[in-house]
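Rule-based calculations on the coordinates, nothing more; no lab input. Worth saying up front: this structure is predicted, and the values here are computed from it rather than measured. As a convention, Cβ positions derive from the backbone with ideal geometry for all residues, glycine included, and neighbour counts pool all protein chains shown.
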Amino acid sequence: MASVAEMIMKAMAERGAGAWVCTPQDFLGLGSRQAVDQALSRLVRAGKLRRIGRGLYDMPRFSSVLGRPAPADMDAAVSALARRDGVRVMPDGLAAANRLGLTDAVPARVSYVTDGASRTLRIDGRTVRLRHCKPRIMQWAGRPAAATVQALDWLGPDAARDAQIVAALRRCLPDDVKHDLGQHISDVPGWAVPLVRSVVSGQATAA
């Protein structure tokens, strides 16, 4: 019978190096909490896993460019925190707008919004800020259009009058995101409704 450590490594390898961050809670089906904690500690000492924060572990991917293990995937790390703590988390508006190519501004620090408590953490040597956010925005968490709604909320009403923003969103958003926006258009801020209608033109929209 495979040991707890072997089963943990099998689960990590199936997801791929650098692709997933786990917590002890992810493996409680394999044994007691003490057994899982001991197995994770042994795997870290053996260099098979890396502890990137309190109760957070990954199987690092080696970067040939850096000549060392690549930095942890911060989105995966924060997703692990969300699973563990039973909260929802999304990148903050500036980060979302930057990822979509809607702004050249770069976040000064790693920041996310959450429906949980605001707090500051250290993950893989970086400071990560979790900021409590209003329910109107957090209801999009886990949905295809989450980042788009976050970006629009950060850009504000002026975005609705910016033809370049509309054109960029039409060009870059995949069909599943446009469909999500169209089906839940009543959940976007009132000022953004005309913009969303223009972006999703050709997609079915909810009344």
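Once you charge only the Cβ atoms, +1 for Lys and Arg and -1 for Asp and Glu, what is the size of the charge dipole of the chain about its Cα centre, to the nearest 20 debye? Provide the component values of the computation, followed by the final result.
Numbers: 29 positive and 19 negative charges, 138 e Å.
So the magnitude is around 660 debye.
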What are the extents of the Cα atoms of the range 3-62 along their three principal axes, in Å, largest first? 31, 22, 18
Out of GLN183, LEU155, ILE165 - ranked by how far each Cα lies towards the positive end of the dipole of the range 144-183, with unit charges on the beta-carbon of charged residues - the top one is ILE165
Theoretical ellipticity at 222 nm over the chain - DSSP helices of four or more residues, -39500 (n - 2.57) apiece, nearest 500: -11500 deg cm²/dmol
Set of the range 1-34 residues, backbone N closer than 18 Å to the point 7 Å along the Cα-Cβ line of SER64: 17-18
Residue order, fewest to most beta carbons within 10 Å, for LYS134, LYS48, LYS178: LYS134, LYS48, LYS178
At the level of C-alpha centres, the distance separating the range 18-85 and the range 146-205, in angstrom, is 36 Å
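If you put +1 on each Lys and Arg Cβ and -1 on each Asp and Glu Cβ, how big is the dipole of the range 87-199 around its Cα centre, in Debye rounded to 20?
Magnitude of the dipole: close to 300 debye.
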Dipole moment magnitude, nearest 20 debye, the range 4-69 about Cα centre, only Lys, Arg, Asp, Glu C-beta charged: 240 debye
Mind grabbing the base-10 log of I(q)/I(0) for the chain at q = 0.13 Å⁻¹? Debye formula, identical points on the C-alpha positions, no solvent, two decimal places. -0.81
Spherically averaged projected area in nm², based on the convex hull that wraps the Cα atoms of the range 91-207: 7.4 nm²
Share antiparallel - DSSP beta bridges, the chain, percent rounded to 5: 75 percent
In what sequence, highest mean first, do 137-149, 51-63 appear when ranked by Cβ atoms within 10 angstrom? 137-149, 51-63
What nm value, rounded to one decimal, do you get for the distance between ARG99 and ARG83 when each label is placed 7 Å out toward the C-beta? 1.7 nm
